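Remarks on the structure that follows.
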Amino acid sequence: MNQFSSAIVVALLLAPIASGAKAVLHDPQQRFEIALFAEQPQVVNPIGVQVDRKGRVYVIESHTHFRPANYQGPQSDRILRLSDTEGNGKANVVEVFHEGFQAAMDIALATNGELFVTTRSAVHRLRENDNSGKAVEDTRLIQLKTKTTYPHDGLSGLAFDGQGGMYFGLGENGGASYKLIGTDGIQLSGGGEGGSVYHCRVDGSKLRRVATGFWNPFGLCVDRAGRVFATDNDPTSSPPCRLLHVVEGGDYGFEYRYGHHGLHPFQSWNGELPGTLPMVSGIGEAPCEIVPYDGGLLIASWADNRLEHYRLTRRGASFGAERTILVNGDLNFRPVGIGVANDGALYVSDWASASYELTGLGRIWRLTPKHPPTLGTERDDSPLPTINALQWPADATALLKHMDSDDPFVRSAATNVVARSQGEFKVRHTDYTARQRLGLFMAAKRAGKVSVLDELSQSSDQSQNLTGCDADLQLAALKWIADERFEKFKSLVESGLDSPRLTPELFAAHLSTLEVLEKGRVDRHSIDPERLLKLATDDSRPPKIRAFALRMLPPESPQAALKLLESLTTHPDQKLRLEAVRTLAAAPNAERRRLLAKLAGDDTQTVALRATAIDGLASAVEFKNQLFDWAAMGDDVICRAALRSLVGIPLDEADRRRLAAFKDSPEKLRLLNLPMKPKRPSRDDVTAWLDCISGEGDAENGRRIFFHGKVGYCARCHRAEGRGNLIGPDLSRIGHRGQRELLQAIIQPSRDIAPGFRQWAIETTDGRQLVGVTLRKGYNQEDYLGVDGNEFSVSIDAIESRRELDTSIMPEGLVDQLTDQELRDLIAFLLILR
């Protein structure tokens with residue numbers, strides 16, 4: 001596809017520019033000869049690019065996206081055809097092939113030479129007769145009817161399937177209602193469900209939706225095996241952008257009806273919600289065109305100034321991917337479209353500016369491979385085509401088996417077969433597994449069989465009704481109720497808050513559903529703090545529910561007032577008291593520390609509560625003497641907690657003498673800056689590390705290390721159990737990865753950096769050195785999340801240089817700061833997060 005991320009758009013000024021900004025391109029793999037094919041004023045504000053069999057280059061020249069008031073260029077977008085008739089690698093003939101479009105977004109050439117164009121509101125077919133140099137026939141094949149006009153969330157990417165059909169993308173459309181109309185009168189409607197990928201015949205007939213759950217699928221391609229892939233731009237607060245394997249009936253998790261942040265409990269970005277599918281890989285910011293190339297997929301990343309190549313690796317019925325940077329440039333290189341010539345040469349359009357508004361700049365680069373690219377003989381050996389050919393109920397045994405698969409793509413395919421059958425099935429069948437019940441339920445939802453919800457709500461069997469069934473099925477049911485605003489189930493949702501099987505995730509889902517039913521809209525990605533406060537202070541609620549509410553309440557918010565937390569520390573229920581102390585410790589100030597110190601010294605409290613209170617005093621110099629006193633006590637848990645919280649406090653000679661009198665322990669040696677053990681294994685030897693931490697870990701102590709303010713401090717970047725930050729991935733479901741994989745991630749943090757969480761080093765024109773994870777790039781400002789958890793912004797004009805780092809935001813030396821027992825306990829805690 002061809003254009004910018006949700007935050008990027010095409011813009012230009014047609015007046016000739018005497019000296020436009022030059023770009024510097026690098027070829028790290030030494031694979032191409034790079035040369036300018038054309039530049040302003042021959043072509044300005046270029047986006048989509050295609051190359052025909054004669055080597056002529058077609059390009060969209062945009063004149064309508066974010067057009068400045070003083071813009072002097074044409075009133076509509078143009079399709080230019082550029083030719084090199086002199087054979088010197090430069091365009092010397094420029095023809096206006098067609099003009100008249102508004103918000104043109106992508107172009108694609110069919111094998112018969114016809115040119116297809118998407119605009120924000122339509123799909124067009126252009127035909128040329130007798131090599132006239134102009135399109136003499138413009139046929140509108142698909143029409144989008146909607147009230148919204150923002151360019152990037154409408155129609156976009158185009159790709160042909162090689163069998164007389166084509167795919168095209170539709171963005172999230174601002175959540176507004178819409179109708180898509182084909183040439184045969186078929187109409188499809190939607191609104192709020194997020195972006196989608198559609199398919200039709202090349203004449204615009206037989207329109208159907210293929211998949212949904214996208215933000216803005218700007219890029220689409222079909223590889224030689226007939227598989228469909230898309231680039232998808234990321235919501236406001238949920239990086240990274242995604243490379244997606246698009247399959248029939250796939251749901252990729254994003255729904256605009258739940259806000260544009262991408263963080264709502266009913267949104268997922270990597271297959272976190274039941275029935276949704278994960279990404280192939282995270283990709284660079286503002287991905288535009290995607291094309292099959294050299295045995296993989298080539299993507300233009302507008303905001304990261306580079307061309308990225310992804311070689312697919314088989315992962316069940318879908319794929320993972322390994323990334324290589326083929327070409328990168330400076331801040332003036334803004335690649336959008338990629339056209340592939342017969343000889344393997346690449347023609348890349350370059351917006352040449354960070355501005356969304358029209359600038360009159362632009363270039364077309366020609367990248368000539370030094371060695372012929374691999375074409376490959378790809379084949380689709382996945383089970384998906386076989387599953388899609390099954391029938392329900394004739395093939396019920398096979399479909400139920402597929403629904404029980406560990407592979408989400410296999411489960412999704414089986415669910416879609418059942419959904420399209422419109423047959424009858426019972427979700428509550430006692431012989432079904434949890435996954436089978438979920439699959440049948442999702443099939444009912446996709447088929448619109450609301451009676452299944454009625455059955456779940458009316459069952460007298462506690463284990464089979466909505467509040468007693470499996471957690472994923474409950475979550476799917478709550479989301480369905482919220483999606484359709486089913487008011488009749490409100491009392492059922494309210495009663496679910498008193499379920500003994502309620503988990504933190506289900507608690508959030510219940511509250512989110514109630515907010516949707518009561519307000520009819522979503523204006524935030526977190527639960528209303530006032531609702532949480534009401535639950536936390538409601539004496540009629542079970543202590544477990546009050547603890548959940550307290551956990552979700554932002555610890556620094558006005559609702560988490562000291563008076564409330566202090567009152568809850570005296571509650572008869574131990575878990576509620578402990579949750580109040582955790583909230584105090586999560587955002588300690590002077591008053592909270594005084595209360596924490598009081599609780600830490602109260603020997604009538606549980607050891608777990610006292611240790612958590614001591615954690616809240618980490619590095620608090622004014623409590624140094626108390627920490628030493630507690631460290632001298634006989635209880636090992638209290639002692640270790642106190643020694644951990646002394647880390648970071650300057651120690652004088654008297655302190656060191658006092659410390660020397662303590663019995664030897666790794667925690668004592670750490671404070672004295674002495675090795676905690678004679679020698680640890682190499683970080684490459686995971687097996688040896690497993691031997692070091694063999695034995696039983698204490699998950700409760702591991703939880704304290706995870707949230708500790710000085711030792712461990714995982715919550716500085718990660719969230720778990722509803723607490724922490726989202727600088728790094730949410731670890732609330734990390735436990736399925738196993739001990740070895742978790743250990744390796746801790747001792748080798750830069751080995752496999754999660755998509756979207758790579759650091760960038762930015763040097764500013766005034767000499768500042770900044771490091772952060774990308775939040776948003778585009779226009780004239782870039783936003784990052786720093787290692788301290790705070791956002792910072794840098795204007796494009798203030799950036800001297802920036803580069804992506806190969807090191808994780810998670811420090812390499814974290815494991816060196818932990819004792820063997822602390823590491824053992826931390827992993828024990830991570831393993832229970834499921």
For segment 492-528 the number of residues that are of a type outside the set (Asp, Glu) and either at positive phi or at pLDDT 90 or above (or both) is 13
Could you tell me whether Val621 is touching an Asp or Glu at 6+ places or on another chain (Cβ under 7 Å), surrounded by fewer than 19 Cβ atoms within 10 Å (Cβ to Cβ) and within 23 Å of Phe706 (Cα to Cα)? no
Note on segment 545-576: residues under 25 Å from Glu494 (Cα atoms), among the charged types (D, E, K, R) and buried (at least 16 other Cβ atoms within 10 Å of the Cβ) are Arg546, Arg551
Go through segment 183-220 and give me each residue that's part of a loop (DSSP other than H, G, I, E, B), more than 30 Å from Pro239 (Cβ to Cβ) and open to solvent by less than 30 Å² (accessible area, probe 1.4 Å). Gly204, Ser205, Leu207
Asp223 - would you say it is open to solvent by 30 Å² or more (accessible area, probe 1.4 Å) and among the charged types (D, E, K, R)? no
For Asp138, the lone unmet condition from (1) in contact (Cβ under 8 Å) with a residue 24 or more places away in the chain; (2) under 29 Å from Pro240 (Cβ atoms); (3) touching a His at 6+ places or on another chain (Cβ under 9 Å) is (2)
Here's a check for you: in segment 420-449, which residue that is in contact with a helix residue (DSSP H, G or I) (Cβ under 9 Å, 6 or more places away or on another chain) and polar (S, T, N, Q) is nearest to Phe409 (Cα to Cα)? Gln436
Scan segment 811-830 for residues that are charged (D, E, K, R) and open to solvent by 10 Å² or more (accessible area, probe 1.4 Å) and jot them down. Glu812, Asp816, Asp820, Arg824
Can you pull out every residue in segment 75-99 that is modelled with pLDDT under 95 and open to solvent by less than 50 Å² (accessible area, probe 1.4 Å)? Gly89
Which residues, counting only those in segment 328-353, are open to solvent by 10 Å² or more (accessible area, probe 1.4 Å) and either charged (D, E, K, R) or more than 27 Å from the chain's Cα centre (by Cα) (or both)? Asp330, Val340, Ala341, Asn342, Asp343, Tyr347
Count of segment 255-273 residues which are part of a loop (DSSP other than H, G, I, E, B) and open to solvent by less than 20 Å² (accessible area, probe 1.4 Å): 9
Members of segment 407-442 that are open to solvent by less than 30 Å² (accessible area, probe 1.4 Å), touching a residue at least 40 places away in the same chain (Cβ under 8 Å) and assigned to a helix (DSSP H, G or I): Phe409, Val410, Ser412, Ala413, Thr415, Asn416, Ala419, Leu438, Met442
Just a yes or no: is a residue in segment 737-754 out of contact with any Cys (no Cβ under 6 Å at 6 or more places or on another chain) and over 26 Å from Ser682 (Cβ atoms)? no
Scan of segment 221-241 for residues that are at pLDDT below 95 and assigned to a strand (DSSP E or B), ordered by number: Asn233, Cys241
Taking the condition open to solvent by less than 30 Å² (accessible area, probe 1.4 Å), more than 30 Å from Leu506 (Cα to Cα) and charged (D, E, K, R), does Glu289 pass? yes
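The values are calculated or read from the model by the stated rules, or taken from the named source; none is laboratory data. Note that this is a predicted model, so its numbers are computed, not measured. Backbone-built Cβ (ideal geometry, glycine too); neighbour counts: all protein chains shown. Each accessible area value is taken on the protein alone, full model and side chains, heavy atoms only, with ligands, DNA and RNA left out. Shrake-Rupley method; radii C 1.70, N 1.55, O 1.52, S 1.80 Å.
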